[in-house]
Structure formats: C-alpha cells, structure tokens
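Where a number appears in this text, it was derived from the coordinates with a stated rule and is not lab data. Predicted, not measured: the structure shown is a model, and the values here were computed from it. Because the Cβ atoms are built from the backbone with ideal geometry, glycine has one as well, and the counts that use them run over all protein chains shown.
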Amino acid sequence: MRVLKIALVAVGILAVMGAGTAYAAYRYDSSVSDRILPGVRIAGVDVSEMTRSEAVRAVTAHAQETLTAQLAVEAGDHTWVVTPDALGMTADVDGAVDRAFALAADLSLVSRVYHRVADEPLGESVDLTFGYDDAEVLAFVEQAREEVAVPAVDARIALVEDQLVMRRPKTGQDLQARLAAARIRGALEARATEVQIPLRVVEPEVTTSALGKTIVVDLSENDLHLYEGFKVMKEFPVATAASGYVTPVGTWQIIEKRENPTWYNPALDSWGADLPAVIAPGPSNPLGTRALYLNSPGIRIHGTSNSASIGTYASHGCIRMFISDSEELYPLVPVGTRVIIMP
C-alpha cells in the first residue's frame with residue numbers, strides 16, 4: 001500500500017510538471033505569435049522572426065526594385081522609358097506576409113515551440129505575386145500611339161486657291177494597340193528591360209489608280225486636259241465664256257451625258273430672244289453631237305459647229321469643243337467624272 005501511494009504521488013507530480021510545461025509552452029507560443037517562424041523567406045527575402053510591419057517594410061523594399069526598374073518600350077524610331085509601377089503593376093506584399101504567418105498554423109504547438117526555441121529553420125519560401133492593370137497599359141499605348149501615328153495621305157487632284165494641286169498618295173503608320181498592350185504585359189511578367197511593340201502600315205484610302213479620270217479646263221489657256229490619275233491622257237482646245245458671261249471656276253461633276261442632244265433655249269428673254277425655243281438634233285444644234293452636263297446649272301461641255309470659236313472666249317458659259325473632239329472625249333468619261341475649271 002505504501003509503494004502504491006508513492007507511485008500515485010510521483011505520477012501526480014509528473015502530471016503537474018507536464019501541465020506546467022505545456023502551459024509554459026502555450027504562453028511562450030502566444031507571446032511570439034506576432035513574429036514569423038525562423039527559416040521563412042518571401043521572394044528570397046529572409047523574414048525570419050520579423051513582425052508584420054518589419055516584414056512588410058522588408059518585402060516592400062525588395063518589391064520596389066522590380067516596380068521601379070526601367071523598361072524601354074520601342075516602336076519604330078521612338079523609345080519611351082517607363083517603370084512597371086507607372087504601367088499599373090503592383091506587388092501583393094500584404095498577401096505574401098499573411099501567407100508567411102499562416103505557415104505557423106500548419107504546425108503543432110510543440111513543433112512551433114521547437115523551431116523557435118531551437119532556432120531551427122523551417123525552410124519555407126513564399127512567392128510574392130504581382131498584379132497588372134491592363135487599363136493602365138492601354139492608356140500608355142494610346143499615349144504612345146498619338147506620338148507615332150502618321151496618317152496616310154490620299155491621292156488628290158484639286159483646285160486650291162485657284163491653283164491645280166496634285167498630291168501623291170503616301171502610306172502612314174499606326175500602333176497595333178491590342179498587340180502592343182499584350183507585348184508590354186508580357187515584358188512586365190518576364191521582368192524584361194526592353195520590349196518592341198509593332199507598327200502597322202496604314203494604306204491611303206485613295207490611291208493614284210483610284211483617282212480615276214479628271215477633266216481639267218484651264219480658262220487662261222482655253223484648253224482641256226483629261227487625266228487618268230496624274231497622267232494626261234488627252235488634250236483638246238476649247239472655247240469658254242465671252243466677255244459678260246461666266247464659265248464658273250471650281251470643282252464640278254458630270255451628272256448626265258447625251259448623244260445628239262436637243263437644245264432648249266435657256267435665255268428666251270435675253271441673248272436667246274432671236275433663237276428658237278427648241279432646236280432638235282442636227283447640224284444646226286448649238287450642242288453639237290455630244291454633250292456632258294455638269295452640276296453647275298446650265299454649264300455643259302459640248303461640241304460646236306462654230307469651229308472658228310475654238311481657242312477663243314465666245315460662249316455663254318459652256319465649254320465648247322470641236323465636234324470630233326467632243327465625240328472622242330464622250331466615251332472616255334463616265335457620269336460622276338470630276339471636272340475642275342481653273343481661272
């Protein structure tokens with residue numbers, strides 16, 4: 001009975017001692033729970049035994065090396081030097097520190113106390129994740145686009161300040177915005193120091209061949225040139241308005257074509273008072289055998305039997321041609337052909 005009592009007392013003492021040790025271990029674990037376990041790294045940064053604020057500062061400093069690194073963005077002969085953070089890249093430092101602290105929760109109390117008391121490294125590494133703002137990247141691309149974009153130049157024949165201007169077409173250039181944004185995003189993810197973003201060629205909407213035909217009437221020379229694009233196909237002498245009448249300067253269009261047209265007297269109360277109201281097709285018809293009607297009221301390009309007037313200022317505003325020349329020009333110019341009359 002005496003031996004049994006001694007044994008029971010011994011067990012009680014050991015139990016008390018064990019409970020005291022466990023309580024001491026619990027108290028110790030609670031007192032250091034605000035520090036990361038030893039042997040933990042975040043993105044290569046040793047955060048062992050650091051508090052949250054210490055770990056955040058250390059990892060933030062490391063992240064800044066990535067976020068403030070220079071990235072050269074090149075497009076054609078343009079180069080911009082930017083930083084990832086200026087392009088909306090961010091580092092999830094708080095999340096990484098949270099995961100570093102969470103490693104302790106995966107261990108038992110005894111294991112945690114052991115690693116801390118024995119300063120035994122846990123040997124764990126936590127990744128630092130980065131976020132990307134595609135809207136910021138696209139905003140940068142749009143800004144770059146404004147600097148590199150060159151509009152295409154359309155081919156043009158026009159009357160500018162009473163001068164005939166012929167402008168050759170030129171290609172332009174532009175950024176391929178979405179592809180450029182994807183390239184920059186890829187460079188950020190790869191931590192690259194430079195990236196090429198593509199340019200695309202912008203073709204003119206109006207090429208030389210698309211210009212088609214243009215009739216140019218020069219009142220100072222009384223001649224008519226037919227252009228195909230920028231090349232002169234035909235040249236003809238003409239007669240234009242006599243003194244007191246006007247062949248209108250400007251850019252017009254052929255809106256109608258007639259073979260063997262009927263002439264309707266447009267001035268029964270003035271210069272046409274002594275002429276018939278209507279003259280049927282034939283040798284005496286003032287319009288000859290072919291007439292091109294312009295969208296300038298009352299103005300036509302037409303043949304005339306009065307060959308002696310060609311090369312002079314003799315009409316009431318129309319553009320006269322030799323009969324044979326009007327018949328040659330007629331099939332060459334469709335409705336819609338541009339007509340430029342220059343002073």
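Details
- With R₀ set to 25 Å, the beta-carbon distance separating residue 118 from residue 53 gives a calculated FRET efficiency near 0.45.
- Alpha-carbon Debye profile of the range 177-271, log10 I(q)/I(0) at 0.11, 0.18, 0.23 Å⁻¹: -0.61, -1.05, -1.28
- Zone of residue 21's modelled label, taken as backbone nitrogen in the range 110-131 under 19 Å from a point 7 Å along Cα→Cβ: 110-120
- Folded to 0 to 90 degrees: helix 177-190 orientation relative to the chain principal axis, Cα: 20 degrees
- Cβ-placed point charges (K, R +1; D, E -1), dipole of the range 96-172 about Cα centre in debye, nearest 20: 340 debye
- At R0 = 41 Å, FRET efficiency that the Cβ-Cβ distance of residue 179 and residue 295 yields, to 0.05: 0.35
- Taking every DSSP bridge with both residues inside the chain, close to 75 percent are antiparallel.
- Remark on residue 223: its backbone amide H falls under 5 Å from those of 218, 238, a criterion applied only to residues 5 or more positions apart or on other chains, H modelled at 1.01 Å from N.
- For the chain, lysine pairs separated by 8 or more sequence positions, or belonging to different chains, with Cα-Cα distances below 29 Å total 8.
- Angle in degrees between helix 52-67 and the longest Cα principal axis of the chain, rounded to the nearest 10: 30 degrees
- Once the Cβ-Cβ distance of residue 278 and residue 256 is raised to the sixth power relative to R0 = 22 Å, the FRET efficiency obtained is 0.80.
- The charge dipole of the range 212-342, taken about the Cα centre with unit charges on the Cβ atoms of Lys, Arg (+1) and Asp, Glu (-1), comes to about 280 debye, rounded to the nearest 20.
- Tilt relative to the chain, helix 2-31 - C-alpha long axis, 0 to 90 degrees, to 10: 30 degrees
- Comparing 121, 286, 248 in a Gaussian network model of the chain (Cα springs below 10 Å), the most mobile by mean-square fluctuation is 121.
- Dipole axis of the chain (+1 Lys, Arg; -1 Asp, Glu on Cβ), positive-most option in 260, 215, 109: 109
- Once volume of the Cα convex hull per residue in Å³ is calculated for the structure shown, the corresponding label among (1) 129; (2) 148; (3) 231 turns out to be (3).
- Antiparallel content of DSSP bridges confined to the range 212-342, in %, to 5: 70 percent
- Between the range 25-68 and the range 145-161, the C-alpha centres lie 60 angstrom from each other.
- Once both labels are positioned 7 Å from their Cα atoms along Cα-to-Cβ, the gap between residue 193 and residue 77 label points is 2.6 nm.
- Under 5 Å from the amide H of residue 206 lie the amide H atoms of 155, each residue being 5 or more positions distant or on a separate chain, with H modelled from the backbone and absent for Pro and chain starts.
- Estimated translational D of the range 134-207 in µm²/s (Stokes, Kirkwood radius over Cα pairs; 4 °C; 1.567 mPa s): 90 µm²/s
- Positive-end extreme of charge dipole, the range 41-163 - chosen from 90, 70, 135 (charges on Cβ): 90
- Around the amide H of residue 340, modelled in the peptide plane, lie the amide H atoms of 215, 216, 217, 252, all under 5 Å away and 5 or more residues distant in sequence or on another chain.
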